[in-house]
Amino acid sequence: MSIRLEMRKMTKQYGDFLANEDISFTLNAGEVHAIVGENGAGKTTLMRMLYGMEPPTSGQIYLDGEPVSFDGPNDAISHGIGMVHQHFMLFSDFTAAENVVIGHEPKKAGFFRRKDAIDTVNKLAGQYQIQVRPNVKVADASVGEQQRIEILKVLYQGANIIILDEPTAVLTPIEVKGLLKNIKNLAEQGKSVILITHKLREVMEVADRVTVLRNGKVTGSVNKEETTADELAKLMVGRELQTISDRIQLNGNSLLEVNELTIKEKQEKPLLDRISLSVRRGEIVGIAGVSGNGQSELLQAISGLRKVNGGKVLIDGKDVTNQSVADIRLAGLSHIPEDRYLWGAAKQATVEETGLMGYQNKPDYNNKSILLKKQFRSLLSSWIKKFEIKTTSINEQAGNLSGGNLQKLIVSRELGQETPLLLAAEPTRGVDIGAMEYIHEALLQKRNNGDGILLISSELTEILTLSDRILVIYEGKIVGELTREEATEEKISILMAGGSKQ
Ligand SMILES: Nc1ncnc2c1ncn2[C@@H]1O[C@H](COP(=O)(O)OP(=O)(O)O)[C@@H](O)[C@H]1O
Ligand SMILES: [Mg+2]
């Protein structure tokens, strides 16, 4: 097999910080080479150098054995390198076909040839079996279709090397399957694909080779056939992963009862349509759904952030419908909020103040209105240690923490409340897999202690890993319930898309 691309000893330094250090990497024709690593490992940085967006501090790129250097992305594109970014770069008012050909439009006598553009898109789509409607306006296309438009665009530009940066992070499980199939197809037809992800299952399904980065360095580069997901995880994290705690079935009384909860604004379709559910002691109930189907409203209604028009919420038997956030918390609720900036922390508050939220009135930390700072600080530093929260000092502004570190702080604070009921919305969004494991472990331990958790996550894997029961929400209604035993990704995906349980 011929080596199409080689990167030799690539280094990128920002100030004193080495984002990439002596990274070497090769890519063959017709190969899928995955690059995996935790958040901040340096994956995107390496790709930005390859795509001509950043000059390397040192190192050399070779294409077909010839040394090259790129003076911007257009230069990289003209050398056959294409990149689909984490955030798409399409024009939402334009059609798929217009977006694909933009910059190199087919023209005749100076006029744009729409029909030629559409024909070209259809031809490419057919050749690589990538389904795109050429006339769809990007604003009306699903995220999955937008991604396929990006891929066609890169193919139209003549790419032989296609970089996909975390492409599956934004997709539903069914769309992920489709994308992985597209990737295999591209490779079979001779394209080389660099797939960046931290999802090892996808890697094991589609990659030929895998390179693992940690802290800006390569910790391993292996053939997929000769490795396992466990080994890759170890290379990513730098230590053995623990096993998830054994599950104990407790089957206790109901901690949360939601009855016929309805939120409706004026004449519109209800945002929540007579939702009923319960969470018992010793149980994690997961709510699966494509985001935007009422999950946010449900959490806001339960936690007192939003008034409801009908129905009831009971916590530990106490009616808390439309009560204040403070009263609901007192009834026994803690809450890892969906939007950590909006509800989880005041940006200008310090790390210490953010951690303290909710602890001011606890007897252990407040003696006759005098805050027991020392006690609180020792609790705070235990969280920082356990979750490896990266902060320069507890007086740093919480808003300066990276998203993942702020999330770890909020999760520690809410778990530390030791309430019987926890609402956990996207508890591991943006955190690295080491921290994800700690958080999952902590949630399971809480459950095993007899507490109840209502979990909302757009990561179906997370729902399947943690939940004892799974409810599926669609257009403001609960459309299905599955036990842990009967739940499969397939069944849930169908319900998530509005189909019926089979
Ligand atoms: N322009 C920049 N200036 C300073 N630091 C940066 C810059 N770009 C990235 N970094 C740092 O480099 C590290 C690697 O980032 P990145 O390559 O985006 O990681 P990944 O894609 O693996 O999550 C991070 O710690 C990030 O903060
Ligand atoms: Mg990245």
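We did not get these values from a lab; they are worked out from the coordinates using the rules stated. This structure is a prediction, so every number in the text was calculated from the model and none was measured. A quick note on method: Cβ atoms are made from the backbone with ideal geometry, for glycine too, and the neighbour counts reach across all protein chains shown.
In this structure, the amide hydrogen of R113, modeled 1.01 Å from its nitrogen in the peptide plane, lies closer than 5 angstrom to those of K107, K108, counting only residues at least 5 positions away or on a different chain. Note on D319/M204: beta-carbon distance plugged into 1/(1 + (r/R0)^6) with R0 of 41 Å gives a FRET efficiency of 0.25. Rounded to the nearest 20, the Cβ-based charge dipole of the stretch 3-237 about its Cα centre (Lys and Arg +1, Asp and Glu -1) stands at 540 debye.
May I ask you to sort S378, S192 by Cβ crowding, counting other Cβ atoms within 10 Å and putting the fewest first?
Fewest to most other Cβ atoms nearby, the residues stand as S378, S192.
Per-residue extension of 0.36 nm, minus the Cα-Cα distance of K9 and E188, leaves a gain of 61.5 nm for this segment. Ordering E489, E145 by the number of other Cβ atoms within 10 Å of each residue's own Cβ, fewest first, gives E489, E145.
In degrees from 0 to 90, rounded to the nearest 10, what is the angle of the helix 173-188 Cα long axis to the longest principal axis of the chain? It is inclined by approximately 20 degrees. Based on alpha-carbon atoms, the Kirkwood radius and the radius of gyration of the stretch 16-111 give Rg/Rh equal to 1.03. In the chain, helical runs assigned H by DSSP with n ≥ 4 each contribute -39500 (n - 2.57); averaged across all residues and rounded to the nearest 500, the mean residue ellipticity at 222 nm is -9500 deg cm²/dmol.
What nm value, rounded to one decimal, do you get for the distance between E226 and K374 when each label is placed 7 Å out toward the C-beta? Reported label-point gap for E226 and K374 is 5.8 nm. Under a 5 Å amide H cut-off, with hydrogens placed 1.01 Å from N, V479 pairs with V472, I473, Y474 among residues at least 5 apart or on other chains. A prolate overall shape is assigned to the stretch 3-237, the ratio a/c of its alpha-carbon gyration tensor axes (a ≥ b ≥ c) being 1.5 or greater and a/b exceeding b/c.
How far, in degrees from 0 to 90, does helix 403-416 lean away from the longest principal axis of the Cα atoms of the chain, to the nearest 10? Between helix and principal axis, roughly 20 degrees. The antiparallel fraction among DSSP beta bridges confined to the chain stands at about 55%. Charges were assigned to the Cβ only: +1 to each Lys and Arg, -1 to each Asp and Glu. The resulting dipole of the chain about its Cα centre is roughly 740 debye.
In straight-distance terms, cross-link reach from K123 covers every one of the lysines whose alpha-carbon lies under 28 Å from its own, apart from those fewer than eight places away in the same chain; here that gives K107, K108, K115, K137, K153, K177, K181, K184, K191. Here the ratio of the Cα radius of gyration of the chain to 2.2 N^0.38 Å is 1.07. Measure nothing but the geometry: give the 0 to 90° angle between the long axis through the Cα atoms of 143-156 and the longest principal axis through the Cα atoms of the chain, rounded to 10°. Once rounded, the angle reads 20 degrees. The Cα center of the stretch 82-96 and the Cα center of the stretch 474-496 differ in position by 31 Å. Among S142, Q397, T321, whose Cα projects farthest towards the positive end of the dipole of the chain, with charges put on the beta-carbon of Lys, Arg (+1) and Asp, Glu (-1)? With unit charges placed on the Cβ atoms, the residue in question is T321. For the stretch 433-442, putting each phi into the Karplus relation 6.51 cos²θ - 1.76 cosθ + 1.60 with θ = phi - 60° gives couplings of 5, x, 5, 4, 5, 4, 5, 4, 4, 5 Hz, in residue order, rounded to whole numbers and with x for Gly and Pro. Peptides 52-58, 93-99, ordered by how many other C-beta atoms sit within 10 Å of their residues on average, highest first, read 93-99, 52-58.
Each Lys or Arg adds one and each Asp or Glu subtracts one; over the other residues with Cβ under 14 Å from the Cβ of T391, this totals +2.
For H104 and A169, what does the FRET efficiency come to when R0 = 35 Å and r is the distance between their Cβ atoms, rounded to the nearest 0.05? Efficiency computed from Cβ-Cβ geometry: 0.75.
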